[in-house]
Amino acid sequence: MFDKDRWQEIFIAIKQNKLRSALTAFGVFWGILMLVVMSGSSNGLVNGITHGMRSFATNSAFIWTDVTNKPYKGFQQGRRWNFTNEDVEMIKEQIPEIDVVAPRLRGWRSSSGHNVHRGTNSGTFNINGDYPEYNRIDPSEMIYGRFINQIDINNRRKVCIIGERVYEVLFDEGENPIGEYIKAGGLYYQVIGVFKPTNPNIQMDGNKSENIYIPFSTMQRVYNYGNTVHYMGITVKDGYDVGDVTERVMSLIKRNNFIAPDDDAMGHVNVQELVRSMNYMFIGISVLIWIVGIGTLIAGAVGISNIMLVVVRERTKEIGIQRAIGARPRTIVSQILTESVFLTTIAGFLGLAFGTLVIHFADLFITHINSQRPPDEFIFIRDPQVGLGIALAALVMLVVTGLIAGFIPARKAVRVKPIDAIRHE
Amino acid sequence: MKNSIIKIESLHKSYFSGENSLHVLKGLNLEIKEGEMVSIMGSSGSGKSTLLNILGILDSYDKGSYYLDGMFIDDMSETKAAKYRNRYIGFVFQSFNLISFKNAMENVALPLYYQNVNRKKRNEIALQYLDKLGLKDWAHHLPSELSGGQKQRIAIARSLISQPRVILADEPTGALDSKTSNEVMEILKEVNKTGITVIIVTHEEEISSKTNRIIRLRDGVIESDKVNSKILSYV
């Protein structure tokens, strides 16, 4: 295998036809380059999107109310209705598969003018009423202080936690906001924490960093919501299907609110389902990439095969001589296959190296761009990279490609009768 | 009585091209004993090269039988044929047929490469053979840097390195001037003296006259098969 005579022939063949070899190798180079760059970019896409929802509970769903479509038990169709605290308590009691329920109140956001003030600073932000459970569905990172806790709920404390962006508007840079008061929606709240969303790719009521969360019970009381719940998030215990549990929750609520069992009257989003279909999309993308990459590589392999046919033809006489003095067909075949695999592997390695370089620079560029953007915006692409898996797969593919490309020429070389080969001019 | 190294019985060979067939060898019978030095003569188209190719297992035959050193040679696999060629037969061609990008030593060593002898050892042996043929100083020259006579001597060294039983030479002096032709014939005679059977295809009387036995082919049959009386007187 590593006998010098074997390699001598290969180098001579390549050297004698530098341009031809280079052009042929370019096909394979390009194929691998495409494969590497595309799969690196797709990794970047997957990384970007999944990073932007990295800690969101995937076993969760959100449910909200909608107008009724059917008259039922004396109620007319087109009724507007809301969830209530009783609904929440009931599903907690009756559906043990539920892990966490996080009822929410969606505060208003006056379209005219600023609704949040601190001293001379002011801005327009959403105000939401929340339970501590919400942080288990869509966790936030606390930059200052803590999240809302059960004592805040029980005592209906007038405290709030504010998004990163809210902090930037209302406070000076580096200023400790804990214990300070802000005026939101006409009332003063003491700031107990500043949060930074970790899942900017799933937006709830706009950009979460521009939200203010106050205890749910406080919001019901001070803004006169009674026992209204606007919408709720749930998570499901391990081993249960989010879709099934959500259906049960909804039918239970319908029964409790005089809504026809076959009336929709509610909207919901199943995060588990979303993640699943997103994963299918990722699989689809990578299948597409492999199809295109392998297709390009096959085009390259055809080029290699073609050139090997020419090489074999040019060397017919030489091969004939070698066979006359005792070269077995196996020796000739392995010689041609080695040459073909060598050419593809070298070309492919260059493609791999160049592709990795391209992805590396793309990474530097994207990191730079991302660092310039305001935080918590939707992230599309992040950390494009060429994995070891891709590199190894590419290597295996190159060897296989080389073998296939060399196979037909090699067979042709040993099919000729040695005597005809020697006479060939 | 010496063993026969080559024995053919009613050997037929035709070439087909499209609808036409050309009956080249028409039932040859021939026996060559070990250690003989034979020349096969005939005008072009007489079938002498075809016969040599069949003897060298480079070509197949249609009918009859061919025994090489007692082994029946038929339409065997190319792998087996290559092995027999490598072990039993050495080829010397009119156009030398050296590999252009290998130097003299590597060319000579090539048959041993196919026997998987390692590079160091086979080059060592190749140098010994080059030395015997007075070409040691040219060992690292490429064929293009050598004269015709030198190239043919390298080809002979290459044919000898696998220690074959038979040397088949197809017009070995056809591309050489008369002085180098004589030198090459002297070498082949030396080779013959070591016990190797030498079979030379030629159309030159001057060459055949230096062999012990002259077989004349004409239109695919043996016209005459005579012991060369002239040369016997020298022995």
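The values are calculated or read from the model by the stated rules, or taken from the named source; none is laboratory data. Bear in mind that the values here come from a model prediction, so they are computed numbers and not experimental data. Here the Cβ is made from the backbone with ideal geometry for all residues, glycine too, and neighbour counts use every protein chain on show.
Observations
For (1) at pLDDT below 90; (2) not aliphatic (A, V, I, L, M), each residue gets a yes or a no:
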site	(1), (2)
A:Ser110	yes, yes
A:Arg118	no, yes
A:Ile127	no, no
A:Tyr131	no, yes
A:Ile148	no, no
A:Ile161	no, no
A:Glu164	no, yes
A:Asp172	no, yes
A:Glu175	no, yes
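- Residue within segment A:3-17 that is within 26 Å of A:Gly355 (Cα to Cα), more than 14 Å from chain B (Cβ to nearest Cβ) and surrounded by fewer than 17 Cβ atoms within 10 Å (Cβ to Cβ) present: no
- Residue match in segment B:133-149 (condition: aromatic (Phe, Trp, Tyr) and touching a residue at least 24 places away in the same chain (Cβ under 8 Å)): yes
- At least 1 residues being buried (at least 22 other Cβ atoms within 10 Å of the Cβ) is the threshold, and among the strands (runs of 3 or more DSSP E) wholly inside segment A:96-149 those reaching it are A:98-106, A:116-118, A:126-130, A:140-145.
- Per-region count, segment A:71-95, residues surrounded by 15 or more Cβ atoms within 10 Å (Cβ to Cβ) and either of a type in the set (S, T, N, Q) or closer than 19 Å to A:Ala260 by Cα (or both): 11
- All conditions in (1) within 14 Å of chain A (Cβ to nearest Cβ); (2) surrounded by fewer than 21 Cβ atoms within 10 Å (Cβ to Cβ) hold for B:Gly18, with the sole exception of (1).
This table checks each residue for (1) of a type outside the set (Asp, Glu); (2) within 15 Å of B:Phe93 (Cβ to Cβ).
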position	(1), (2)
B:Ser159	yes, yes
B:Ile167	yes, yes
B:Thr173	yes, yes
B:Asp177	no, no
B:Glu186	no, no
B:Asn192	yes, no
B:Ile200	yes, yes
B:Ser209	yes, no
B:Asn212	yes, no
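- Some residue of segment A:58-81 being closer than 30 Å to A:Ala393 by Cβ and touching a residue at least 24 places away in the same chain (Cβ under 8 Å): yes
- Selected residue (criterion: nearest to A:Lys4 (Cα to Cα)) from residues of segment B:80-101 that are facing chain A (nearest Cβ under 7 Å) and assigned to a loop (DSSP other than H, G, I, E, B): B:Phe101
- Qualifying position, being buried (at least 18 other Cβ atoms within 10 Å of the Cβ), in contact with a His (Cβ under 8 Å, 6 or more places away or on another chain) and touching a residue at least 12 places away in the same chain (Cβ under 8 Å), among B:Asn107, B:Asn103: B:Asn103
- Of all residue pairs spaced 6 or more apart or on separate chains, those with beta-carbon atoms under 9 Å, a first member in segment A:377-391 that is assigned to a loop (DSSP other than H, G, I, E, B) and basic (Lys, Arg) and a second member that is modelled with pLDDT of 75 or more and surrounded by fewer than 16 Cβ atoms within 10 Å (Cβ to Cβ) are A:Arg382/A:Thr367.
- If you check B:Gln152, B:Gln128, B:Gln163 for being in a helix (DSSP H, G or I) and either without any contact (Cβ under 8 Å) to a residue 24 or more places away in the chain or charged (D, E, K, R) (or both), only one passes: B:Gln128.
- Per the conditions (1) modelled with pLDDT under 90; (2) away from chain A (no Cβ under 12 Å), the sole criterion not satisfied by B:Ser147 is (1).
- For segment A:347-357, the criterion of being touching a residue at least 24 places away in the same chain (Cβ under 8 Å), surrounded by fewer than 17 Cβ atoms within 10 Å (Cβ to Cβ), of a type outside the set (Lys, Arg) and in the same structural domain as A:Val28 (by TED's automatic domain parsing) is met by at least one residue.
- Note on segment B:49-79: residues that are farther than 22 Å from B:His203 by Cβ, without any contact (Cβ under 8 Å) to a residue 24 or more places away in the chain, at the interface with another protein chain (Cβ under 9 Å from one of its Cβ atoms) and not hydroxyl-bearing (Ser, Thr, Tyr) amount to 1.
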